Each structure stands twice: as structure tokens, then as C-alpha cells.
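Asker: Here it is, the structure, as C-alpha cells.
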Amino acid sequence: MKFTIKILAFLMLGLSTLSTYGQQVSKPVRGTFALTNATIETITNGSVQGTLVIENGNISAIGPNVAIPPDAKVVDCSGLFVYPGLIDGGTQLGLVEVSSVSLTADANEIGDIKPEMQALTAVNPNATAIPVTRVEGVTTTLVAPVGGTIPGTASLINLVGYTPDQMFAGFKGVVVNYPSAGRRGRRDRRTDEERKKQEEKQLKKLNDLWDNLSLYHKLDSAAKAGSGEDLDYNPKMEALLPVIRGEMPILLEVNQASAIESAIKWVGEKKVKAIFTGVAEGWRVADKIAAANIPVVTGPVFSMPTRTSDRYDTPYANAGKMHKAGVKVAIRSNDTENVRNLPYNAGFAAAYGMGKEAALKAVTIVPAEIFGVADRLGSLEKGKSATLFVTDGDPFETKTHVKHLFIDGWNVPLDSRHIRLYNEFLERSPGLEK
Amino acid sequence: MKKIINSILFTCVALSLFGQLDKGDILIKNGTVITITNGVLEETDVLIQNGKITRIGKNLRTPSGTKEVDATGMHVMPGIIDAHSHIAIDAVNEATNPVTAEVFTGDAINPLDISIYRALAGGVTSSHAMHGSANAIGGQCETIKHHYGSYNPEDLRMVGAPRTIKFALGENPMRVHGEGRGIQPRTRMGVEQVFRKAFSEAKVYMKAWEKYNNEKNTNPKASAPEYSYRLQTLADILTGDVIIHCHSYRADEILMLMNVCKDFGIKRLCFQHVNEGFKVAPELAEFGATASVFADWWAYKFEVYYSTAYNASILTRNGVVTSINSDSGELIRHLYHEAGKTQRYGDLSDNEALSLITINPAKQLGVEDRIGSLEVGKDGDVAIFKGHPLSVYAIPQMTIVDGIVRFDINMDPADVRMDVNPEEDLPAFFLEVKEYDNCMQGVHHQHLFFHRH
């Protein structure tokens, strides 16, 4: 009898597992919503007390006295705050499921120059980390490949949708790791000379590539104009054509002060549209970055000083120092599973010199502008995408909780594996009894 | 030449700034004193004399010659304690055998490690300098105090702290020994047998010595067994002299080690990382085992895929003494912020959250009578914050160890290195975005695919 019960229990367990398999979290819903009695932090037009209406995926009205559509679901936001969804300007979210299990890690393809590698292809819309991230208010992330001189092409995605195309948020850029003679870490045992040599070699490689690209561009233009031969299949050059045409920026990862200065010159010479990323030592050369008018996506703020001689707080203060020098600064987490810590990165930058207002902009409107999607994202304005979240306080404070979440007009349930495990195990049943 | 003069000058400045290694006297005036064990006291003074807290109260008189610190508008809390770190040591892993109980991180203390200063700048006054997780039974660990400024490794030891030892379960010992060297353990079954074999051998060893000690005075022919520091250390675990701190992730392996400990009568057990501790919180509480966890790290390896950031809260609510640790020279700089995350993930109260980085790690290291709260008679280890320490905007202002100011934001030179290479123009640039591999430091790369924790 006991045996039969065990078998039954086992079968039931199996069934319950089956019935939940694939259903990671509950479904988002779309519709007309009115967030009433809210403090609406628009970012671009100050703070507004009143109502925000969501219709057809967009914000259709904001103000103290707006008409609530009759079909709207009213969400009372008394005592609550509405913020535009936070934008993380650099992550591997969705590309990597478990980083130590290599076959679940899709961020780093073989090869050194591989601009044809598309992050959007390998984004897993069902990655466990996606709901874990968005329930903390991060709604939009740049997903970037890593490794090599040109790791591939990054994409901006919204964290809702079942296909990469549904998630695509309108920006792509080619990632380029600018050559640097810096040590990659404590385990980098190359001598100063070896590193310098390698830097020169890599820079030559990059310059040669650009020479080839200019030539390819000319031949391609001629072919398209009907005055030249059709070109052989060359996916690398094809992927770089939008860059040389000035239609797509490069995301130039550069961190060491001397490399930043060199990269400023390089960008000027090549007349390429560039966004600097990383920029850990930006504070050393902030005026030069500002003068070159190159926007920056910096972070993580939670990182070590790059030199043993540096003040302990240089990584905290870096974003603020660049901002004060006049650089357009966005903040990234550069994380995979913990992109949810983006607001805390911004909070530390705020505390160490950037100020709350600029730090909030650095994870909303500024990255939206840098990525050319400010017509849809980054602030709460009529006509923009309803990508926003509602909190009971300052979104940078750990004490604050997210109460409601909308991405691209979808009302996304506050559900994730982390929350489900909490609900199941806070008071485990059975507890100690058998 | 200028560099050399500079470095000599700096050394002099450093020495004068940090003062002598005598225990200090200091009066912290008029702060919001977060005692941890006796509530929050507004506008209260804390007097430290000869390195110990001698009085906590309002309007205390300043004894003559005692340095005063005005903490008006500031929060004064016990120095933060990190129950899992690898700073201030030059060696982490003796990855040559599944059992290396004889080695000791205390033999590799590096007082010049800049990470100590950076930890102080985050209010951290003590840390548990741990062996790595390559071996099922790793090395013994040292509990240190952050006396940055001293060149003497001895000054960092927390004299009187109980001995501790690092154990490790799961992927790391399996990868290093099973996959890397083709010897047990390759599975979690093998890991269990490493412990059972080691403790059984230790029991035989103890018996042999007991027999010898009993008869050596009466039997002139009695000969002493061969001394083994490895077996002696294991014996010291069995007698309760050494606290086990075990790297662990999965619920099943956590239960396994508790069963092994029950069978061998071992009671002092702290699980480290313990990402799936929340799944067996009732069993941990019943055993009396404690848990030292990350605030939110997960998914960097398969055995932490089914984690939740609510771990610390679930453990706390189930009565498990829980701490938040860093395991990282980066995270150790903002443990107060890591503790704050338990308010987002599980609504812990301010005092519960701050206990995770003060009195609870003190209990796990067996030093709760010395540090971890502000009480008369305890060590003068204090962190002073502008803003509440659980706020993301909090900024540590001053950190005091044994009554000596070791970090003061108003007297914070740009360059605080103690080992300056006069040949260098500008010290080397290091870019280390993430530090996920500290527990596997010193393990040869061929043993690892990805080597995080």
C-alpha cells in the first residue's frame, strides 16, 4: 500500500511538473490602462501628479486632468511613482544562460573579426534571467557579443516577447574592442613589451581592415550603381557597410586612458560614428572625450579601480566626473544574470558625484538618445512606447519595490523564477515532518 | 629619484596617518548609534579606550588626550564583518589533494594588499581570509582584522578567534580532482566518501594518540604514533576546536554534509554560498548550522541555476543564522549595499538586514563576544556612515579598528599603496570587470573550463 502511494505521489509529481513545463511565468496582457493618482516622473518634463493612459501600446495621455477611456483598466497608483523603463546600455542578457556551461553561452563566437555575428539571432526570449531582470524595472537592454577585435553586432531589445523580432527595440551597432596595452587582469602575465607589441599589431589589423572596407565600399557602390562587377560573398564586409556609410555606429569598447585618447583620434580619422563603451578611465581624459563629442556608455560602476594607485572610489565617481566635464554618459551593468542591478549601479554613481537626476537620465533618456530610440523610449511622453514601471519609492533604493510593469504596452506580471522559489520555500510544506 | 622620494614621503605620511599599532582611544560623539543588539540610540556617544568600547551614552565626557570625532547627523554602526573573502592572502588554493587540512591561509597573509584599504573604505573591519574550494577538505582559514598600515602580517591576525577550515562540495572539487586529475571525487557521491574516510582515519589517529598518552608514563616501551598535522586538524574538527566553513550550493549536498557531521558528532558548521540553502532551511535550523550567502549571485554555473535572491530572507525567516559575504575584492567594498538587497528581496527589517553583515558573521566565526555589535566590552570596531548604511546613497566616512582610525574620507590620500615600485611611472592598468573566480584562485587552468567560485 505504502508502495502504491509512493508510485501515485511520484506520478502526480511528474504530472504537475509536466503541466508547468514551458510555462516559465504568467502571460503578459495588452489593453487600455489608466494609472491614476500617480507621481509621474517623466524625466524630460519634470514630475507630474495625475494620470497616465496606455492605449495601443503607447502612452496616449499624461496629466493632472486627463479623460480616462471607458474601456480602460484603472490602476490606482496613490502614493506610487511611475518611471520610464530603465535601459541598460551593455549586457549579455539572453545570450548566456549558464556561463560555465559553454554550450549555453552564445556571446563569444570563434574568430577575431566577426561583425556578421548577430546578437539578435542568439537572444533566447525564454532565458530565465529575462523575467528576473524586468521585474526590477529594467525593461530594455543592449545585448552585445564579446571576444576578439570585432565580436559582432549588438542589438537593443525590450524584455518582452516570444521571438527576437518581437523584442527588437530599433537599434543595432557593431561592437569593436579598441586595442589596448593594458593588462586584462591579474592573470595576464604578458610583459609590458609584449602587450605593447600586441596592441600595435591589433591596431594595424584594425586599420588594414578599414582600408579594405573603404575599398569594398567603393566597389560595392559601383556594383550597385551598375558600373562595376558583382562582389563575391563577404559577410564581414557586408556587416560593416552600414558603418562606413555612416548609417550604423560602432560600439567602441575602450577603457585605458591612453587607449581612449588614441581611439578619439582613430574615430576622427576614420570619420566613423562611434559610441564609447566601458571607458573605465574616462575620468582621466574626460575633457578630451567631451571635446570630441563622443557619447559614452560606462560601467559597471561596481568594479575595481583600474590601477592600484587609484582612489578606492574612482569606479563609483567615473560617470559623474565625465558628466561634469560635459560628456553624454549612459550607465550599463555589463552583466548577464544580474542586469537587475542596473539601478544600483546608477545609485552609486549618483551618490559619488553624479547626482540623482543625471544618474536617472543615464539609465533612461540618455541611452535612448545615444541609441537613437528616444522617439519611443527613455521618458514618459505622449506618443512614446508604454515602457514603464511603477514603484513605491526611489527606484535606486533597495528598500523600494516594483508594483506594476509595462513593456511596449504589455502589462507584464511581476513573476520570475526567483519570486516563485520564494513563494514556494518561504514556508516549505512539508517542513521537517516526513 | 623623485618617485623614490615620493614613496618614502608617502610611507612617512602613511605611518603618521595610521599611527601606532597600539590599541586606540577615541570618542565618537552625537551619532545615530546602531548597536544591532540593543536598538538604535539617537544622539549618542561611543567611547573607545585602549581598543575596547568602554561606554555608550549621551553627553559623555572626553577623557584627556582622547581623540574626538563629531558624528552629528551620521550613522554609527559596528564594523562590518565579511565571513568569506580572499583578500590579504597570497595563496588561496592548495589544489593538490582532495584533503589538505594541514595548510593554513594564515601562513600567507599579505598586509600590503590594497584590497584591505578598499574594504575599510566600505566600512569592513574584519574578514575571514579563506582557503579556496578546489578540495573537499581544503585548508584552514584565518580571521583577520583590517589593520592596513602595518607591514607585519601578525598585526592582522585576530588573536583569540577560533580556528576555522574550508570544506567544499559539488562542482569545484569534482572538476579539479575528478575531471582534472582522474581521482575521487568525480561525483557528489565521491565527495561524501572523502569526508567519511578522512574523519574515520582521524578517529583511528586520535585513538592511537590516546592510547600512547595513557600508557607513555607507565610503559617505557610505548612509542608515539607518527605525527600528522593533516590528521590532527581533522581530529580537532571532531573535538569541536575547529569550525567547518563549507563551500556548497545544492540542497542535496548540504543535507549530505549535515548527515556526515551528525554521524561524527560534529556540531560547528557554517555553509558558505549555500545558494540552495533556502530549500532546506528547516533542516539547517534544526541542525543549528549557519549560512553565509551572496545577496544575489546566481546562474554563473549550473549548480547555482535554481537560485533565488530571496535566499537570505527565507533562511532568516526559518531561524537560520545568516550572513551576506563578498568572496570578492570588489563586493567587499559595498557589503552594506548587498545587505540592503534583502529588503528588496524579502522585506527584512533594517536591523535584520544589518545583522547579516555584523553580529551574524561574528557568530559564524565564533567571535560574537568580541565583534559584531556596539556593546560595552567589545572591540572598538566601528563604521561611520553619512546616510543610513542600507541606503544606496550612503557613503562610509570613517572606519575604526581596535580604536584606531584606518579610513577617514577627509584624510584619504589618492594613492594609499604600501608597496610602491619606484620604477613605475604610472602603475599598471588592470581591467577586471568581474571577479567570479576567487574561490578557484591558484588552480591550474587545465583543471577548469570556466572557473567561477
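Here is a yes/no grid of residues against (1) in contact with a Leu (Cβ under 9 Å, 6 or more places away or on another chain); (2) away from chain B (no Cβ under 12 Å); (3) more than 30 Å from A:Ser214 (Cβ to Cβ):
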position: A:Glu261; (1), (2), (3): no, yes, no
position: A:Val267; (1), (2), (3): yes, yes, no
position: A:Gly282; (1), (2), (3): no, yes, no
position: A:Val285; (1), (2), (3): no, yes, no
position: A:Ser309; (1), (2), (3): yes, no, yes
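Asker: Within the stretch A:377-398, work out how many residues are touching a Pro at 6+ places or on another chain (Cβ under 7 Å) and within 14 Å of chain B (Cβ to nearest Cβ).
Answerer: Selection size over the stretch A:377-398: 2.
Asker: Consider B:Tyr336 carefully, then state whether it is within 9 Å of another protein chain (Cβ to nearest Cβ), within 29 Å of A:Ser99 (Cβ to Cβ) and of a type outside the set (A, V, I, L, M).
Answerer: Answer is no for this residue.
Asker: I want to confirm something. Restricting to the stretch B:346-374 and keeping residues that are under 12 Å from B:Ala295 (Cα atoms) and buried (at least 24 other Cβ atoms within 10 Å of the Cβ), which single residue is nearest to the chain's Cα centre (by Cα)?
Answerer: Taking the candidates together, the pick is B:Ile357.
Asker: On the given criteria, is A:Val363 within 14 Å of chain B (Cβ to nearest Cβ), assigned to a loop (DSSP other than H, G, I, E, B) and open to solvent by less than 10 Å² (accessible area, probe 1.4 Å)?
Answerer: Numbers: within 14 Å of chain B (Cβ to nearest Cβ): yes; assigned to a loop (DSSP other than H, G, I, E, B): yes; open to solvent by less than 10 Å² (accessible area, probe 1.4 Å): yes.
Yes, satisfied.
Asker: Give A:Ala358, A:Ala374 a once-over and let me know the one that is out of contact with any Leu (no Cβ under 7 Å at 6 or more places or on another chain) and within 23 Å of A:Ala317 (Cβ to Cβ).
Answerer: A:Ala358
Asker: Being within 14 Å of another protein chain (Cβ to nearest Cβ), small (Gly, Ala, Ser) and under 30 Å from A:Asp313 (Cα atoms) narrows it down to one residue among B:Ser150, B:Ser115, B:Ser126; which is it?
Answerer: Of B:Ser150, B:Ser115, B:Ser126, the one residue that is within 14 Å of another protein chain (Cβ to nearest Cβ), small (Gly, Ala, Ser) and under 30 Å from A:Asp313 (Cα atoms) is B:Ser115.
Asker: Sticking with this one: For the stretch A:268-285, what are the residues that are of a type outside the set (Val, Ile, Thr), touching a strand residue (DSSP E or B) at 6+ places or on another chain (Cβ under 9 Å) and closer than 16 Å to A:Gly326 by Cβ?
Answerer: Matches in the stretch A:268-285: A:Phe276, A:Gly282.
Asker: Since B:Phe430 meets every condition but one in (1) at pLDDT 95 or above; (2) open to solvent by 10 Å² or more (accessible area, probe 1.4 Å); (3) within 8 Å of chain A (Cβ to nearest Cβ), which condition does it not meet?
Answerer: Unmet condition: (1).
Asker: Just checking, which of A:Thr121, A:Thr140 is within 13 Å of the chain's Cα centre (by Cα) and either at pLDDT 95 or above or not in a strand (DSSP E or B) (or both)?
Answerer: So the residue among A:Thr121, A:Thr140 that is within 13 Å of the chain's Cα centre (by Cα) and either at pLDDT 95 or above or not in a strand (DSSP E or B) (or both) is A:Thr140.
Asker: So, in the stretch B:309-319, of the ones that are under 24 Å from A:Ser416 (Cβ atoms) and open to solvent by 10 Å² or more (accessible area, probe 1.4 Å), which residue ends up farthest from the other protein chains (Cβ to nearest Cβ)?
Answerer: First, pick out the residues of the stretch B:309-319 that are under 24 Å from A:Ser416 (Cβ atoms): B:309-318.
Now drop any that are not open to solvent by 10 Å² or more (accessible area, probe 1.4 Å), which leaves B:310, B:316-318.
Working: B:Tyr310: 4, B:Thr316: 10, B:Arg317: 6, B:Asn318: 8 Å.
Out of the qualifying residues, it is B:Thr316.
Asker: Which residues, counting only those in the stretch B:375-397, are buried (at least 19 other Cβ atoms within 10 Å of the Cβ), under 25 Å from B:Gln343 (Cβ atoms) and more than 14 Å from chain A (Cβ to nearest Cβ)?
Answerer: Those that are buried (at least 19 other Cβ atoms within 10 Å of the Cβ), under 25 Å from B:Gln343 (Cβ atoms) and more than 14 Å from chain A (Cβ to nearest Cβ): B:Asp381, B:Val382, B:Ala383, B:Ile384.
Asker: Still on this structure, I have one more. What are the pairs with Cβ atoms under 7 angstrom where one residue, in the stretch A:195-222, is surrounded by fewer than 14 Cβ atoms within 10 Å (Cβ to Cβ) and the other, located anywhere, is of a type outside the set (Val, Ile, Thr)? Sequence gap at least six, or different chains.
Answerer: Listed pairs, sorted by first residue: A:Lys196/A:Ala181; A:Ala222/A:Gly228.
Asker: Report, by residue number, each residue of the stretch A:49-64 that is over 16 Å from A:Lys384 (Cα atoms) and either among the small types (Gly, Ala, Ser) or surrounded by 16 or more Cβ atoms within 10 Å (Cβ to Cβ) (or both).
Answerer: A:Gly50
Asker: Another question about this same structure. Suppose the filter is at the interface with another protein chain (Cβ under 8 Å from one of its Cβ atoms) and open to solvent by 20 Å² or more (accessible area, probe 1.4 Å); does A:His401 pass it?
Answerer: Values: at the interface with another protein chain (Cβ under 8 Å from one of its Cβ atoms): yes; open to solvent by 20 Å² or more (accessible area, probe 1.4 Å): yes.
Yes, satisfied.
Asker: Outside any helix (DSSP H, G or I) and either out of contact with any Cys (no Cβ under 6 Å at 6 or more places or on another chain) or not acidic (Asp, Glu) (or both): is that true of A:Glu238 in this structure?
Answerer: no
Asker: What number of residues in the stretch B:92-120 are in a loop (DSSP other than H, G, I, E, B) and crowded, with 24+ Cβ neighbours inside 10 Å?
Answerer: Qualifying residue count for the region: 5.
Asker: Are any of the residues in the stretch B:190-210 out of contact with any helix residue (DSSP H, G or I) (no Cβ under 8 Å at 6 or more places or on another chain) and in the same structural domain as B:Ile243 (by TED's automatic domain parsing)?
Answerer: no
Asker: Restricting to the stretch B:276-306, and then to whatever is open to solvent by 10 Å² or more (accessible area, probe 1.4 Å) and outside any loop (DSSP other than H, G, I, E, B), can you tell me which residue is farthest from the other protein chains (Cβ to nearest Cβ)?
Answerer: B:Thr290
Asker: Moving on to the next point. Would you check which residues across the stretch B:66-86 are aliphatic (A, V, I, L, M) and open to solvent by less than 10 Å² (accessible area, probe 1.4 Å) and list them?
Answerer: Within the stretch B:66-86, the first condition is being aliphatic (A, V, I, L, M), and the residues that meet it are B:69, B:71, B:74, B:76-77, B:80-81, B:83.
Hits for the stretch B:66-86 are B:Ala71, B:Val76, B:Met77, B:Ile80, B:Ile81, B:Ala83.
Asker: Regarding the stretch A:105-123, can at least one residue be identified that is over 28 Å from A:Leu203 (Cα atoms) and open to solvent by less than 10 Å² (accessible area, probe 1.4 Å)?
Answerer: Checking the stretch A:105-123: at least one residue is over 28 Å from A:Leu203 (Cα atoms) and open to solvent by less than 10 Å² (accessible area, probe 1.4 Å).
Asker: State whether one or more residues within the stretch A:84-102 are surrounded by fewer than 24 Cβ atoms within 10 Å (Cβ to Cβ), among the hydrophobic types (A, V, I, L, M, F, W, C), within 14 Å of chain B (Cβ to nearest Cβ) and assigned to a helix (DSSP H, G or I).
Answerer: Within the stretch A:84-102, none of the residues are surrounded by fewer than 24 Cβ atoms within 10 Å (Cβ to Cβ), among the hydrophobic types (A, V, I, L, M, F, W, C), within 14 Å of chain B (Cβ to nearest Cβ) and assigned to a helix (DSSP H, G or I).
Asker: If you go through the stretch A:250-266, how many residues are open to solvent by 10 Å² or more (accessible area, probe 1.4 Å), farther than 20 Å from A:Lys114 by Cβ and under 23 Å from the mean Cα position of the chain (by Cα)?
Answerer: Qualifying residue count for the region: 2.
Asker: Looking at B:Gln364, B:Gln272, B:Gln343, can you tell me which residue is within 30 Å of A:Tyr312 (Cβ to Cβ), within 9 Å of chain A (Cβ to nearest Cβ) and in contact (Cβ under 8 Å) with a residue 40 or more places away in the chain?
Answerer: The conditions single out B:Gln343.
Asker: Please indicate, with yes or no, whether at least one residue in the stretch A:350-360 is more than 17 Å from the chain's Cα centre (by Cα), assigned to a loop (DSSP other than H, G, I, E, B) and within 12 Å of another protein chain (Cβ to nearest Cβ).
Answerer: Within the stretch A:350-360, one or more residues are more than 17 Å from the chain's Cα centre (by Cα), assigned to a loop (DSSP other than H, G, I, E, B) and within 12 Å of another protein chain (Cβ to nearest Cβ).
Asker: Quick one: is A:Ala67 assigned to a loop (DSSP other than H, G, I, E, B), more than 30 Å from A:Tyr178 (Cβ to Cβ) and either modelled with pLDDT of 95 or more or open to solvent by 20 Å² or more (accessible area, probe 1.4 Å) (or both)?
Answerer: Here the answer is yes, as A:Ala67 does meet what is asked.
Asker: Looking at this structure, is A:Arg340 under 18 Å from A:Phe302 (Cβ atoms) and of a type in the set (Lys, Arg)?
Answerer: Yes; evaluated as a whole, the condition is true for this residue.
Asker: Further, regarding this structure: Of the residues A:Met237, A:Met304, A:Met248, which single one is farther than 18 Å from A:Val146 by Cβ, without any contact (Cβ under 8 Å) to a residue 24 or more places away in the chain and assigned by TED's automatic domain parsing to the domain that holds A:Trp210? Spell out the reasoning first.
Answerer: Numbers: A:Met237 fails: without any contact (Cβ under 8 Å) to a residue 24 or more places away in the chain; A:Met248 fails: without any contact (Cβ under 8 Å) to a residue 24 or more places away in the chain.
On inspection, the qualifying residue turns out to be A:Met304.
The values are calculated or read from the model by the stated rules, or taken from the named source; none is laboratory data. For clarity, every value in this text was computed on a predicted model and none was experimentally measured. Every residue, glycine as well, gets a Cβ built from its backbone with ideal geometry; the counts of neighbours run over all protein chains shown. The area values use the complete protein model at the heavy-atom level, side chains included, leaving out ligands, DNA and RNA. Shrake-Rupley method; radii C 1.70, N 1.55, O 1.52, S 1.80 Å.
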